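The values are calculated or read from the model by the stated rules, or taken from the named source; none is laboratory data. The structure presented is a predicted model; accordingly, all values stated were derived computationally and were not measured. Every residue, glycine among them, receives a Cβ derived from its backbone with ideal geometry; neighbour counts consider all protein chains shown. In case anyone asks, the SASA skips ligands and DNA or RNA and just uses the protein heavy atoms, side chains included. Shrake-Rupley method; radii C 1.70, N 1.55, O 1.52, S 1.80 Å.
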Amino acid sequence: MKQPSGFVDPTLPSHVCRLHKSLYGLKQAPRAWYTCLSDFLLSIGFIASKVDTSLFILSDGTNIFYLLVYVDDILLTGSNSAMLHHLVQLLSSEFKLRDLGDVHYFLGIEVQSTGMGLMLRQHKYILDILTRAGMTTCKPVDTPVSPSKLAIQPDHPFSDPTRFCQIVGALQYLTFTHPDICFAVNKVCQYMHAPTDSHWVAVKHIIRYLKGTASYGFHITRGTSFALHGFTDADWAGSIDDCKSTGGYLVFFRQTPISWKSGKQRIVARSSTKAEYKALADGTAEVIWLQYLLTDLQVPSISAPTI
Amino acid sequence: MIPPSPASPPLLSRHPMVLRSRQPKIANTVSSAAANTAATRVLLSPSFEPVAFSDADKYVAWHDAMCDEIKALRSNHTWSLVPFHPSMNVVGSRWVYRIKRRVDGSIDRYKAHLVARGFTQQEGIDYSETFSPVIKQATVRLVFSIAVS
């Protein structure tokens, strides 16, 4: 690297810096941070999960600890609070960190403990989207999608495509706690490359729906059984543009939905049965992945999943 | 004491693009930090975030912030100086200036950040692997779900 402006060594002005460590802005900087953190975690006994490499697990036979890494947001949970405290001390000896105590806010999601379990909300995030879209005083609607179908239209392009992409991108992150808008967001996402006025109307429809449901949250309830239930569905030739079908799945762990997806299928199904089978196959793959994840999390006695 | 030289703050661009004219001049890059004495710098606390090194270096506050950053980088042994060889792809660097404010809007501190210009890197020479995993949403929800029971 070139020597930084203003701090060039006066005796060796033509020398360059050989970097031993990564700097912000380098292509490999995120990877270097991840390697640094994961090496440390592995050295203190954590094991990286094979199915999700950002999940680290520490187990000593009786106690078990999970550590989730989202770049520099770290969530640590475990069955023994004294050892948990010790782990935080270990981490802070290596990295400069702030212990935020009990989780209230993770990745922009408000976490609230209720008597029945945990409530996840993105209330503030929804209000931010409403402000960004200039729709804080809009009239709420009861459904996320209007019945009319969207299609690619060569005329009437939307005046500000960048804004369209920004708002839709913001909505995509909202599906973290709002499976109800998953289908609607996926639909408008398919027109990101060439948005038109009618697509913008569909986006506004979603935002008006959110206005009415902004304070709704996602409730994770307690339970004793450890069972996975998967549900899949598909339409047939739902897309006007290319006759492809839209499929989706929703997987419950106990009474809580854990994983969901809605998306256009890659193949053109020639029968509705084929479209349904395709959705079933995608849903099954997800359930199998979740089963591996549960095994890694050392959850005991998982009964056979139903789909 | 020399009065604040730029009466009006220099024009700040609203776009993230770095214009060649706004980059630090070569003349500045070869002058060492010690060559500019504190007497030639403005003591006034600036309330804007400069884009160019030459604008920032006029202020004591920004200069001190840069010194702190360099000190931190040196204490971490981030780099060593080596003679230039034509086979090297030399990546540029840039200063980014940010004013950290408190909740009430008053200035907390001046922060200067040295960043590498990653877009001048060449794959194979400067880096090979860049993939960095992040947690899946389903994993977060599943762990929450197990944690409550």
Quiz prompt | Percent breakdown of C-alpha pair distances by 10 Å bin, ordered from the shortest bin, for region B:51-107 | solution = 17, 36, 33, 10, 4, 0
Exercise. List the residues whose amide H sits under 5 Å from the amide H of A:PHE106, counting only those 5 or more places along or on another chain, with H placed 1.01 Å from N in the peptide plane.
Key: A:VAL111
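Under 1.5 on a/c is rounded, so check that first for region A:185-261, then, if it is not, pick prolate when a/b is larger than b/c and oblate when it is not; a ≥ b ≥ c are the square roots of the alpha carbon gyration tensor eigenvalues.
Working: a/c = 3.95, a/b = 1.54, b/c = 2.56.
Verdict is oblate for region A:185-261.
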Quiz item: Using the Cα atoms as the points, what is the convex hull volume per residue of region A:244-307 in Å³?
Solution: 83
Practice problem: Would you give the gap between the C-alpha center of region A:144-196 and the C-alpha center of region B:35-96, rounded to a whole Å? | Solution: 44
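Provide the net charge surrounding A:HIS86, with neighbours chosen by a C-beta distance below 14 Å and charges set as Lys +1, Arg +1, Asp -1, Glu -1.
On the way: positive: none; negative: A:ASP60, A:GLU94, A:ASP99.
Summing Lys and Arg as +1 and Asp and Glu as -1 gives -3.
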Exercise. Quick one: which residues, 5+ away or cross-chain, put their amide H under 5 Å from the amide H of A:GLY78? H built at 1.01 Å from N.
Key: A:TYR66
Exercise. Using only the alpha-carbon atoms of the protein assembly as shown, report the extent along each of the three principal axes, biggest first, to the nearest angstrom.
Key: 78, 64, 50
Quiz item: Using alpha carbon centroids, what distance separates region A:256-307 and region A:1-17, in Å?
Solution: 56
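Please work out whether region A:71-175 counts as rounded, prolate or oblate from its C-alpha gyration tensor, where a ≥ b ≥ c are the square roots of the eigenvalues and a/c under 1.5 means rounded, while otherwise a/b larger than b/c means prolate and anything else oblate?
prolate
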Practice problem: Could you please put A:LEU55, A:LEU118, B:LEU44 in sequence from largest to smallest accessible area, using a 1.4 Å probe? | Solution: B:LEU44, A:LEU118, A:LEU55
Quiz prompt | Note, ³J(HN,Hα) from phi for region B:126-132, Karplus 6.51, -1.76, 1.60, rounded to Hz, x at Gly and Pro | solution = 9, 7, 10, 9, 10, 5, 10
Self-check item: Heavy atoms of B:VAL134: accessible area, 1.4 Å probe, square angstrom to 10
Solution: 60
Self-check item: Projected label distance in nm at A:THR224 and A:LYS139, using a 7 Å step from Cα toward the beta-carbon
Solution: 5.1
Quiz prompt | With all protein chains modelled, accessible area of A:VAL16 [1.4 Å, Å²] | solution = 10
Practice problem: Based on a Kirkwood Rh over C-alpha pairs, give the Stokes-Einstein translational diffusion coefficient of region B:107-149 at 10 °C and viscosity 1.306 mPa s in µm²/s. | Solution: 105
Quiz item: For region A:124-247, what is the largest minus smallest coordinate of the Cα atoms on each principal axis, given in angstrom and ordered from greatest to least?
Solution: 56, 37, 22
Quiz item: Once you put a point 7 Å from the Cα of A:TRP236 and another 7 Å from the Cα of A:LYS50, both along the Cβ direction, what distance in nm separates them?
Solution: 4.0
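Kirkwood hydrodynamic radius (Cα pairs, Å) of region A:38-120? Spell out each step's value before the answer.
Values: mean 1/r = 0.0725 Å⁻¹.
Every distinct Cα pair counted, the radius reaches 13.8 Å.
What part of the accessible area of region A:56-207, given as a whole %, is carbon or sulfur when the probe is 1.4 angstrom? Write out the running numbers ahead of the final one.
Working: 4630 of 8250 Å².
Carbon and sulfur atoms account for 56 percent of the accessible area of region A:56-207.
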Practice problem: Please express the Cα-Cα pair-distance distribution P(r) of region A:107-163 as a list of whole percents, one per 10 Å bin, running from 0 to the bin with the greatest distance. | Solution: 16, 28, 35, 15, 5, 1
Exercise. Determine the order of A:THR256, A:THR175 by accessible area, beginning with the largest, at a probe radius of 1.4 Å.
Key: A:THR175, A:THR256
Quiz item: Using 17 Å as the cut-off for backbone N distance, which residues of region B:49-70 belong to the label zone defined by a point 7 Å from the Cα of A:ASP9 along Cα→Cβ?
Solution: B:70
Quiz item: Per residue in region A:193-239, which ones lose no less than 50 Å² of accessible surface when going from chain alone to all protein chains (1.4 Å probe)?
Solution: A:ILE220
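Residues with beta-carbon under 13 Å from that of B:THR130, excluding B:THR130: net charge, scoring Lys, Arg +1 and Asp, Glu -1?
Details: positive: A:LYS27, A:ARG31; negative: B:GLU123, B:ASP126, B:GLU129.
Charge balance in the 13 Å sphere: -1.
Within a Cβ distance under 13 Å of A:ASP9, other residues only, what is the Lys/Arg minus Asp/Glu net charge?
Summing Lys/Arg as +1 and Asp/Glu as -1 gives +2.
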